[in-house]
1. Which of the numbered conditions does B:Arg71 fail, given that it passes all the others? Conditions: (1) within 12 Å of the chain's Cα centre (by Cα); (2) within 25 Å of A:Lys76 (Cα to Cα).
2. Kindly indicate the residue of segment A:179-202 that is within 11 Å of another protein chain (Cβ to nearest Cβ) and crowded, with 16+ Cβ neighbours inside 10 Å and also modelled with the highest pLDDT among those meeting that condition.
3. Just one of (1) among the charged types (D, E, K, R); (2) at pLDDT below 95; (3) closer than 21 Å to B:Gly196 by Cβ trips up B:Asp130, so point out which.
4. Against the definition (surrounded by 20 or more Cβ atoms within 10 Å (Cβ to Cβ), within 28 Å of B:Glu49 (Cα to Cα) and free of Cβ contacts under 8 Å to residues at least 12 places away in the same chain), how does A:Gly121 come out, yes or no?
5. Is there any pair with a first residue in segment A:73-97 that is within 14 Å of chain B (Cβ to nearest Cβ) and a second that is charged (D, E, K, R) whose Cβ atoms are under 6 Å apart and which are 6 or more apart or on different chains, and what are they?
6. Assess whether B:Ala142 counts as being part of a loop (DSSP other than H, G, I, E, B), within 14 Å of another protein chain (Cβ to nearest Cβ) and in contact (Cβ under 8 Å) with a residue 40 or more places away in the chain.
7. Do any residues in segment A:178-191 that are free of Cβ contacts under 8 Å to residues at least 24 places away in the same chain have Cβ atoms under 8 Å from those of residues that are of a type in the set (Asp, Glu) and surrounded by 14 or more Cβ atoms within 10 Å (Cβ to Cβ), where the two are at least six apart or on different chains, and which pairs are they?
8. Could you say which residue among A:Glu101, A:Glu85 is surrounded by 22 or more Cβ atoms within 10 Å (Cβ to Cβ), of a type outside the set (Gly, Ala, Ser) and either within 12 Å of the chain's Cα centre (by Cα) or modelled with pLDDT of 95 or more (or both)?
There are 2 protein chains.
Amino acid sequence: MRTEHFTTAGALAAMPGIADGPQLPERRWAAVLTADVVGYSRLTSLNQEQTYLLYKAHRRELIDPKIAEYRARFAKSTGDGILAEFETALDAAQCAIAVQERMVERCKGESVHRRIVFRMGLSCGNIIADREDIYGHDVNVAARLQTVAPAGGIAMTEKVAELVGPSLHLPLEDLGVQQFRNMCHPIRVFQCRVPGESIHENSAESLV
Amino acid sequence: MRTEHFTTAGALAAMPGIADGPQLPERRWAAVLTADVVGYSRLTSLNQEQTYLLYKAHRRELIDPKIAEYRARFAKSTGDGILAEFETALDAAQCAIAVQERMVERCKGESVHRRIVFRMGLSCGNIIADREDIYGHDVNVAARLQTVAPAGGIAMTEKVAELVGPSLHLPLEDLGVQQFRNMCHPIRVFQCRVPGESIHENSAESLV
């Protein structure tokens, strides 16, 4: 995964004394993808080592290469998933779908204890970027939408749906306007399910 | 903030071809501190730029130096806070208290729109570490406890409370056993409030 992130601030970081002071943040338009593992805490508390190894195998063999293929400008681990930033909403959406489609294959035949299922959120807008992370309303929105995405599927904002809908090979479903905790305005949510995704229905959240 | 993380895997990363394959994870005992901003999404959706600049000032002037002072072995940004790993529970707890005590001073006189209030979680146990992140049950527990910590205060596991209680200058309060979503076993929670913390009661979550 590319985690390098070249900004003006990054260049200044080489100059002692300047990097430590306040910096004007870089602002840019971006499409934001977040992903996490359904029931990750439960899987981890049942078998920490196995969950780590399975998760990392999906990252190494599928997710990180896909993120690179779709030219993510920034990507970082969030422990049980990733936060990635793309140049266009279509790059982000096609990357998300490519991963979720392939995950159906990878999970076939696995017991629920060994099944790593991702849910994903997509948003776009003006973000703030510095040397260590990306910030802003649409980063938060992507993370919030991810929590309502179907297991193995993708939730996105209306803006993303408008931008990518005509170009995707999968239909988008309008879930209507939803109010999220700690968000000032309601958000109209669209979701995308991938074929065969029902394999994920009996996921880690059902484990005792 | 020190984000370098020297592991066997890290050394191997210099050797092309080896770093890309599966790696045995490093396991180690650690104390884990997580922190995030109360009502961060709300503050961001009200004023993205201002929230970023205020948050980064607290990080740069207070939190990152304190994390370095208490010799964190690993630390990373989580967007609106940090995940840090310490050698001992006492390092983690004293770091957390030092930050929260100083935040009371820093927030005095600030309007609720400009007030950045952290809540923190502390846990300890065997974790898994690789080149990009730390993983494991106790990393998840710290993150979960953080969500029930009082605004401006700290929540911790029973184990942390046992290890640090006699050495702290502040009392710990036993909140009893709590069941968290997606955690297999209930967790006995202790909390630590810092003097003057009531300044945070009218925090960002009250903003419309």
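The values are calculated or read from the model by the stated rules, or taken from the named source; none is laboratory data. Nothing here was measured: the structure is a model prediction, and the numbers come from that model. Here Cβ is always computed from backbone atoms with ideal geometry, including for glycine, and neighbour counts include all displayed protein chains.
1. Just one mismatch for B:Arg71, condition (1).
2. Within segment A:179-202, the first condition is being within 11 Å of another protein chain (Cβ to nearest Cβ), and the residues that meet it are A:180-185, A:187.
Pick out the ones that are also crowded, with 16+ Cβ neighbours inside 10 Å and you get A:180, A:182-183, A:187.
Numbers: A:Phe180: 92, A:Asn182: 84, A:Met183: 89, A:Ile187: 97.
The selected residue is A:Ile187.
3. Condition (3) is where B:Asp130 drops out.
4. On the way: surrounded by 20 or more Cβ atoms within 10 Å (Cβ to Cβ): yes; within 28 Å of B:Glu49 (Cα to Cα): yes; free of Cβ contacts under 8 Å to residues at least 12 places away in the same chain: no.
So A:Gly121 does not fit the description; no.
5. Every condition considered, the pairs that remain are A:Phe74/A:Glu85; A:Ser77/B:Glu132; A:Ser77/B:Asp133; A:Gly79/B:Asp133; A:Asp80/A:Asp36; A:Gly81/A:Asp36; A:Leu83/A:Lys76; A:Glu85/A:Arg73.
6. Values: part of a loop (DSSP other than H, G, I, E, B): no; within 14 Å of another protein chain (Cβ to nearest Cβ): yes; in contact (Cβ under 8 Å) with a residue 40 or more places away in the chain: yes.
No; evaluated as a whole, the condition is false for this residue.
7. Pairs found: A:Asn182/B:Glu205.
8. Numbers: A:Glu101 fails: surrounded by 22 or more Cβ atoms within 10 Å (Cβ to Cβ).
After ruling out the rest, the residue left standing is A:Glu85.
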